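Here's the structure we're looking at; comments come further down.
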Amino acid sequence: MKKIILAVLTVFLYFNGFSQDLPHLKASVFQPGETLNYKLKYGFISAANGTLKVNKSTLEFDGKPTYHLSAEGKTSSAFSLVFGVHNRYNSYIDKETFLPYFYSEDIKEGKYRRNDKVRFYQKQRKIKGNEGTFKGASQTFDLLSAYYFARNLDLSKMKVGQSFKMTYFLNDEVSTLGITYLGKERIKTDMGTFNCLKFSPEIKPGRIFKKDSKLYLWVTDDGNRIPVKAQVEILVGSVTLELVGASGLKYPLEKN
């Protein structure tokens, strides 16, 4: 169950991305004060909860103002008895480019502990992590910055069936993730029914996923671009991540 929770939460956070220089909207779709709450379910059982926030920031990096992004995820009380997970993440991103300057994570998974601090130098395509210095791409993300940058992408030229890639830094390693746009779809959740954009991120079969498993993710087709649901089949059953609360949004949440 630990691997299921971590895999879906991690993939969900960096769900979206394009290769090379990614086009983005000039004005952000989010604002300080925004809070999003998610619940992860294994079948019908609540397994974990997650909260993402956009916080006010007075910090500057390289003389540029920033947004402070934060996220917290932990297993529910029932699953914590078997294996407790309580992770915290922070990212400071440029207010204009939405690219990260600094990222930290505090990982607590059972007896395992990990504390990472990462500094991004986007112009130099350089990343300083716990294990040294790494070479990045023209735009390299951490988990949180990828999530929020993806919401701010310019999707005006996207076509159904089109696939893209992004570069991200995780666990002292630079990697890429591909995703395919599948079109528009109405999706029903406990919060209501939403008009959404549907995506399918890459996943690798193995101990968690089936050979033909597909991860699907639905993002609101409105001014907020909020992921409202993610779902994937695993070797036994399925895992779903769903939005259960949203406040401080920049635009009204369009639902039926």
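The values are calculated or read from the model by the stated rules, or taken from the named source; none is laboratory data. All values derive from a computational prediction rather than experimental measurement. A quick note on method: Cβ atoms are made from the backbone with ideal geometry, for glycine too, and the neighbour counts reach across all protein chains shown. Side chains are part of the model used for accessible areas, which takes the heavy atoms of the whole protein and leaves out ligands, DNA and RNA. Shrake-Rupley method; radii C 1.70, N 1.55, O 1.52, S 1.80 Å.
For segment 68-78, name all the residues that are open to solvent by 30 Å² or more (accessible area, probe 1.4 Å) and either modelled with pLDDT of 90 or more or in contact with a Phe, Trp or Tyr (Cβ under 9 Å, 6 or more places away or on another chain) (or both). If you could, list the steps in order and put the result at the bottom.
Within segment 68-78, the subset open to solvent by 30 Å² or more (accessible area, probe 1.4 Å) is 68, 72, 74, 77-78.
Of everything in segment 68-78, those that are open to solvent by 30 Å² or more (accessible area, probe 1.4 Å) and either modelled with pLDDT of 90 or more or in contact with a Phe, Trp or Tyr (Cβ under 9 Å, 6 or more places away or on another chain) (or both) turn out to be 68, 72.
Starting from segment 181-198, take each residue that is under 11 Å from residue 256 (Cβ atoms) and open to solvent by 40 Å² or more (accessible area, probe 1.4 Å) and list its partners that are assigned to a strand (DSSP E or B) and polar (S, T, N, Q), counting only C-beta distances under 8 angstrom and pairs at least six apart or across chains.
186/193; 186/195; 195/220
Look through 155, 182 and report the one residue that is farther than 20 Å from residue 246 by Cβ, among the aliphatic types (A, V, I, L, M) and assigned to a loop (DSSP other than H, G, I, E, B).
Values: 182 fails: assigned to a loop (DSSP other than H, G, I, E, B).
Checking each option against the conditions leaves just 155.
Somewhere in segment 119-133, is a residue open to solvent by 10 Å² or more (accessible area, probe 1.4 Å) and within 14 Å of the chain's Cα centre (by Cα)?
No, segment 119-133 has no match at all.
Could you give me the residue pairs with C-beta distances under 6 Å whose first residue belongs to segment 115-143 and is farther than 22 Å from residue 68 by Cβ, whose second residue is among the β-branched types (Val, Ile, Thr) wherever it lies, and which are 6+ apart or on separate chains?
Partner pairs satisfying both residue conditions: 134/127; 134/174; 137/167.
Pull up segment 1-43, narrow it to residues that are at pLDDT 50 or above and of a type in the set (D, E, K, R), then point me to the one that is surrounded by the most Cβ atoms within 10 Å (Cβ to Cβ).
Within segment 1-43, the match that is surrounded by the most Cβ atoms within 10 Å (Cβ to Cβ) is 34.
Given the criteria over 20 Å from residue 32 (Cβ atoms), in contact (Cβ under 8 Å) with a residue 12 or more places away in the chain and open to solvent by less than 20 Å² (accessible area, probe 1.4 Å), does residue 234 qualify? Outline the logic, then answer.
Working: over 20 Å from residue 32 (Cβ atoms): yes; in contact (Cβ under 8 Å) with a residue 12 or more places away in the chain: yes; open to solvent by less than 20 Å² (accessible area, probe 1.4 Å): yes.
The answer is yes for residue 234.
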